[in-house]
Amino acid sequence: LKPGQTVEQATLALRGVQRQIHDATLPAWEPRDLESYLKDPFTMISAATGISGLRTRYQTPLTAILVVVALVLLIACGNIANLLIARATARRPELSLRLALGASRWRLSRQLLLESLILAGAGAAVGLVFAQWGGRLLVRQLTTATNVVWLDLSLDWRVLLFTTGVAVVTAVFFTLAPMFTLLRVAPNEALKERGRGVAGDARFGLRNTLVVAQVALSLTLVVAAGLFARTFSSLAGRPLGFDAAPVLVVGIDAGKSAVPAAGRRTLFARMEESVAGLPGVASVAMSALTPVGPGAWNMEVELPGGPALARNQKLSWINAVSPGWFGTYGMRVTSGRGLEDRDRLGAPMAAVVNEAFVRRFLPGKNPIGVQIPDRPEKTTYEIVGVSEDAVYRSLRAEAAPTMFIAFAQQAEPWSSLALSVRASGGEPMRLSRSIADALDRVEPRVALTFRPLTDQIRASLTQERLVARLSSFFGLLALLLAGLGLYGVTSYSVSRRRAEIGIRMALGAGAPAVARLVLRQVAWLVGLGVLIGAGASLWAARFISALLYGLAPRDLTTLVMAAAVMAGVGVLAGWLPARRAARIDPTVVLRDG
């Protein structure tokens, strides 16, 4: 912008020359497409918002993860509140003595709050350091062989302010429970409690409530982690319709080649021929695009006598390939023939379509010989074969109508394309050196990139992999926190009830009966938490349905598995205190009492 110029002023200036820009750059589109294109006015926006697709792609998944993090924070705060209640209960005689000696309740409240703020501040400081390291790790997870991601992760004052605010708010909020529990008791009552255990006061109701909430939230997070992990597993194991393992994709950019544009078709044919003869190469194919790659190309299909379709249903993906394409990718031609050497410039324009194309545009008809008009290019393709369905752009999408046209019949040769090489055995990357040497002998001034097709497919699952890992990490963290909280409450309950347990054992109760007594409380807490968590999971599942694949949001298998895991954690957390309670010596307890 010029000094003093606003974005709005620059937008007006740009729109003043919009017609001239359109006239100089107008694409050869259908009239209705051009009409829609020309209606859009140019608009200036700040470059600070970026033009990357990362925000659009990851906005929903990271919002879901943000909710997960907030729930983990609640679980952690529940644990801290339980610890503070236990600590405050242990200090009741000390603080009651202070009250009896004249200290005000406000002064003691300030002391408890200050202690909690120090605790929260220390945790937030450690968390900031961990976040800096974790942020860089996350960005590395986003970077793939086909897309290097760079993000500025330097500490932002707004992030620092938000973190500080969360630390202060959680410290204040979760200090209130132990503070009110402690300070509402009269000093003389607290002093009387020194040395004896109380098994059933209201404090245990609050602590148990917090544990039930932790179990419910943890189950919700484990269910979410299970759904995301199963989504990733379903996508990673989905049949592709082609054999990706032995294929190496070689990107060729002839933009700086001395060969003129008119000679590139011959240049690419020589390159394909030079690689096809190498040892270890089973087959090769040239193409404009590769499966699950970064680019896409489609056209609107309108066949005479075809079914009436909405406009968005008339689109078909399209790819220009050489005759070796179907053999290189292991894609079977089910009827008719594949593309052959005779499909060259000047011959009738040939196309192979997939089964999804036939189902949409030619239901119940024989597709072989059908003419497909391409109005923008003023040409017509004849269907010569039908291939099996295969993934084209996205592993999430169902097989879409796809056309494969002959690369050699394109009037304007590309400056860059992909050479797919099928290795006859072993890792395809081992062929990269010999392929580079062969292409260099044909034309040394082309830029080459090498990547296994499997890497390209893995890169397409970056979002699902990241969400599955993050949700699994936080789910495990929630399980750990819930288990610790359950263990803490049960262990503290056992320590408070030592006298009662000693009397029970002195009156004839055996170790198994004492263990069952303790585990019964654990089972009640876990069972209630699981019931509440199951209801919360079923309610919240609808919000993540767009991120799932291959399973319903309210998947009962995942819910049952998560409940079983939660029950296992509960048994483990309750077994240790129960074992300790069963080993109490009644003579020692009664003598100490």
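The values are calculated or read from the model by the stated rules, or taken from the named source; none is laboratory data. In this text, all values refer to a predicted model and were calculated from it rather than measured experimentally. Positions of Cβ are generated from backbone atoms using ideal geometry, with glycine treated the same way; all protein chains shown enter the neighbour counts. The accessibility values were calculated without ligands, DNA or RNA, using every heavy atom of the protein model including side chains. Shrake-Rupley method; radii C 1.70, N 1.55, O 1.52, S 1.80 Å.
Taking the Cα atoms of the stretch 1-83, what is the range of coordinates along each of the three principal axes, in descending order and whole Å?
Each principal axis gives a Cα extent; for the stretch 1-83 these are 71, 40, 16 Å.
Rounded to the nearest whole Å², what accessible area per residue is found for the stretch 303-406 with the 1.4 Å probe?
On the way: 4750 Å² over 104 residues.
Per-residue accessible area for the stretch 303-406 comes out at 46 Å².
Can you tell me the alpha carbon radius of gyration of the stretch 462-577 divided by the globular rule-of-thumb value 2.2 N^0.38 Å?
1.38
So how do Trp414, Trp524, Trp133, Trp157 rank on accessible area, 1.4 Å probe, biggest first, that is with the largest at the start?
Working: Trp414 75, Trp524 150, Trp133 125, Trp157 170 Å².
Reading off the accessible areas and sorting them downward yields Trp157, Trp524, Trp133, Trp414.
Report the relative contact order of the stretch 1-157, percent, no decimals, based on alpha-carbon pairs under 8 angstrom and at least 6 residues apart. Could you put the intermediate results ahead of the total?
On the way: 31 pairs, mean separation 21.1, N = 157.
For the stretch 1-157, the relative contact order is 13 percent.
What do you get when you divide the Cα radius of gyration of the stretch 50-125 by 2.2 N^0.38 Å, with N the number of residues?
Numbers: Rg = 20.3 Å, N = 76, 2.2 N^0.38 = 11.4 Å.
That ratio works out to 1.78.
At q = 0.05, 0.11, 0.12 Å⁻¹, what is the log10 ratio I(q)/I(0) for the chain, with the Debye formula run over Cα points and no solvent?
Those come out to -0.39, -1.12, -1.25, one per q.
Which of the DSSP-defined H helices in the chain satisfy a minimum axial length of 24 Å, computed from C-alpha atoms, and a minimum mean Kyte-Doolittle hydropathy of 1.6? Write down the numbers at each step before the final one.
Details: long enough: 54-90 (52 Å, 1.36); 105-142 (53 Å, 0.66); 157-183 (38 Å, 1.76); 202-236 (51 Å, 1.22); 462-496 (50 Å, 0.79); 511-540 (42 Å, 1.42); 556-582 (37 Å, 1.34).
Helices meeting the criterion: 157-183.
Identify all lysines with a Cα-Cα distance to Lys378 below 21 Å; exclude those on the same chain that are fewer than 8 residues away in sequence.
Lys314
How much of the accessible area of the chain, probe 1.4 Å, is carbon plus sulfur, in whole percent?
On the way: 19400 of 31140 Å².
So the carbon and sulfur contribution to the accessible surface is 62 percent.
So what is log10(I(q)/I(0)) for the stretch 336-393 at q = 0.13, 0.18, 0.26 1/Å, when the Debye sum runs over its Cα atoms only?
-0.35, -0.66, -1.15
Let me know the charge dipole size of the chain about its Cα centre in debye, to the nearest 20, where only the beta-carbon of Lys, Arg (+1) and Asp, Glu (-1) is charged.
On the way: 63 positive and 40 negative charges, 629 e Å.
Dipole size: approximately 3020 debye.
Between Arg579 and Gln9, 0.36 nm times their residue separation minus their Cα-Cα distance comes to what?
Numbers: separation 570, 0.36 × 570 = 205.20 nm, distance 7.61 nm.
Stretched fully, the Arg579-Gln9 segment lengthens by 197.6 nm.
For the stretch 199-337, compute Rg over Rh where Rg is the Cα radius of gyration and Rh is the Kirkwood radius from the inverse mean 1/r over Cα pairs. Numbers along the way, then the final one.
Numbers: Rg = 27.4 Å, Rh = 21.2 Å.
Rg/Rh: 1.29.
Percent relative contact order of the chain, based on C-alpha pairs within less than 8 angstrom and at least six residues apart?
Details: 827 pairs, mean separation 127.3, N = 593.
Over the chain, the number comes to 21 percent.
May I ask you to list the aspartates and glutamates whose Cα is less than 14 Å away from that of Lys365, ignoring any residue fewer than eight positions away on the same chain?
Glu355
I need the Debye-formula profile for the stretch 1-160: one equal scatterer per C-alpha, no solvent, reported as log10 I(q)/I(0) at q = 0.13, 0.14 1/Å, two decimals.
-0.94, -1.01
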